[in-house]
Amino acid sequence: MVDMQTISIEVDSTLKVQAESIFTKLGLSATDAVTLFYEQVCAKQNLPFEAEKSEIGKNKCMAALDELKALQDKLRSSQASKEAN
């Protein structure tokens with residue numbers, strides 16, 4: 001018997017509904033589709049399709065970088081304040 005694990009992901013609700021509608025038409029469950037994706041990633045040792053970074057991904061990345069920079073600035077300010085005292 002194969003050892004199974006559960007994964008949990010967050011995805012845009014509209015995207016989820018659209019994709020699951022397509023999976024249903026193909027006779028697949030979301031689990032089947034994700035398993036097929038994982039199998040193809042392992043077989044190809046890469047994504048099984050040509051992918052371009054989406055604006056959503058880019059925006060999330062930029063927001064995360066901005067947040068990181070703000071935290072770094074706050075940490076530097078705190079360290080400078082401690083050194084001054």
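In this rough spin-label picture, where each label sits 7 Å from Cα along the Cβ direction, the MET1-LYS60 distance is 3.4 nm.
How would you rank PHE37, PHE23, going from fewest to most other Cβ atoms within 10 Å of each one's own Cβ? Walk me through the numbers before you get to the answer.
Working: PHE37 13, PHE23 17.
Going from least to most buried by this count: PHE37, PHE23.
Helix 30-44 sits at what angle to the longest principal axis of the chain, using alpha carbons and giving 0 to 90 degrees rounded to 10? Helix 30-44 and the main axis of the chain meet at about 80 degrees. Placing a pseudo-label 7 Å from each Cα along the Cα-to-Cβ vector at ALA70 and GLN40 gives an inter-label distance of 3.8 nm.
For a footprinting-style exposure proxy, rank THR6, THR35 by other Cβ within 10 Å, fewest first.
On the way: THR6 5, THR35 13.
So the ranking, lowest neighbour count to highest, is THR6, THR35.
Working note: Debye formula, equal point scatterers on the alpha-carbon atoms of the stretch 2-85, no solvent; log10 I(q)/I(0) at q = 0.24 Å⁻¹ is -1.27.
To make sure I understand, if each residue's beta carbon is the centre and we count other beta carbons within 10 Å, what order do ILE22, ILE7 fall in, fewest to most? Please list the in-between numbers first.
On the way: ILE22 10, ILE7 7.
In increasing order of surrounding Cβ atoms, one gets ILE7, ILE22.
Each value in this text was obtained by applying a stated rule to the coordinates, not by laboratory testing. All figures in this text were calculated on a predicted structure; none of them were measured in a lab. Virtual Cβ from ideal backbone geometry, glycine too; neighbours counted across all protein chains shown.
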